[in-house]
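Heads up: the structure comes next, in structure tokens.
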Amino acid sequence: MLKQWAPYISYPFVISFCFILHIALIYLGLHLTLSTWIAVFFGLLSIIALERYTPFRAEWIPKNNDWIVDASYMVLVQILLVKFLTFIVSIALLDIFQSNGFTIKKLWPAEWATGTQAILMVLIADFLRYWLHRLSHKWKPLWRLHAVHHSPHKLYSMNVGRFHPLEKSIQFIFDALPFIILGISENVLAAYFVFYSINGFFQHCNIKVYLGPLNYLISGPELHRWHHSVKINESNNNFGNNLIIWDLLFGTWHLPKEIKVEQLGLINRNYPLGLIEQLKSPFIKGLDQEEND
């Protein structure tokens, strides 16, 4: 019975429980950073367990080498690089702004409830990331960086973090930077991070998930799998980072009802998948477009 209902309840249950856990830990006096990471880590463990319990496709189950490469990306790019960029912005850039009397903090509705501010942040951040993402599929210099993210032939929770460091830095400019400059509170940023992280793990998960009406609001796994299709006419859709509403508004929402996505990845099936090779691959002209040997 549980296996039968899991595809329908796993996403809302895990997301809701992690938010409740996050709030409860703060209420109990735990440091905000620690309560945020515990909630996110619990969400990741839950999704990994669901991938083993009810996998969407057996051929997408990761091998040991997949785990090693994607865990390296997660630590180096998603954690250490983002921490470094945040430090640079917080210490250097904000100090320069403040010393010159430049501030735009009054533009943000800081008096609103934390949850309402977090929803507004998701809406704005997704709008910026939507257009950056579309441009990354159209403009070759950005695509060569973004091709690293599209290189895997399978989707599972941990490869959500597979981004070239240069692309992640560009995303930071469109994602976190405007809100740091606006002076958004740590509580709002933490709430955004919990949703952003857990939804991202779900987006790439190898789990049988049926979101139903949520597919018109959330950029979840059913939609995102089509975005990773090897077929260009299928992958040039569903650009939403967390929400799918901008795709609906601008005509890039794609979810066929009767068929499932086939091959994932790039046209070049021999595109390198190792960490070191992928750090160099965007600078090898045409590598992402080469046909199989």
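Structure summary
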quantity: Charge sum, other residues only, whose C-beta stays under 14 Å from residue 193's C-beta, Lys/Arg counted +1 and Asp/Glu -1; calculated: -1
quantity: Rounded, prolate or oblate (a/c below 1.5 giving rounded, otherwise prolate when a/b exceeds b/c) for the chain by Cα gyration tensor; calculated: oblate
quantity: Three-way shape label, the stretch 143-212, alpha-carbon gyration tensor, a/c 1.5; calculated: oblate
quantity: Placed amide H near residue 243: partners under 5 Å, 5+ positions off or other chain; calculated: 219
quantity: Label-to-label distance, nm, for residues given as residue 24 and residue 84 (7 Å Cα→Cβ offset); calculated: 3.7 nm
quantity: Mean projection area, nm², convex hull over Cα of the stretch 102-167; calculated: 6.9 nm²
quantity: Distance between the stretch 243-293 and the stretch 122-158 - C-alpha centres, whole angstrom; calculated: 9 Å
quantity: Helix-only mean residue ellipticity at 222 nm for the chain, each DSSP H run of n ≥ 4 adding -39500 (n - 2.57), per residue, nearest 500; calculated: -17000 deg cm²/dmol
quantity: Estimated vicinal HN-Hα couplings, Hz - the stretch 225-238 in sequence order (Karplus 6.51, -1.76, 1.60; Gly, Pro = x); calculated: 4, 5, 5, 9, 4, 6, 7, 4, 5, 8, 6, 7, 8, 6
quantity: DSSP H segments from the chain that extend 24 Å or more along their own axis, Cα-based, with Kyte-Doolittle mean of 1.0 or above; calculated: 2-27, 32-53
quantity: Max mean-square fluctuation residue, GNM over the chain, Cα-Cα springs under 10 Å, options 73, 216, 156; calculated: 216
quantity: The stretch 203-262: mean projected area of Cα convex hull, nm²; calculated: 3.9 nm²
quantity: Overall form of the stretch 21-180 per C-alpha gyration tensor (a/c, 1.5; a/b vs b/c); calculated: oblate
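All of the numbers you see were taken from the coordinates with simple rules; none came from a lab. All of these numbers come straight from a predicted model, not from anything done at the bench. Glycine also receives a Cβ, built like all others from the backbone with ideal geometry; neighbour counts cover every protein chain displayed.
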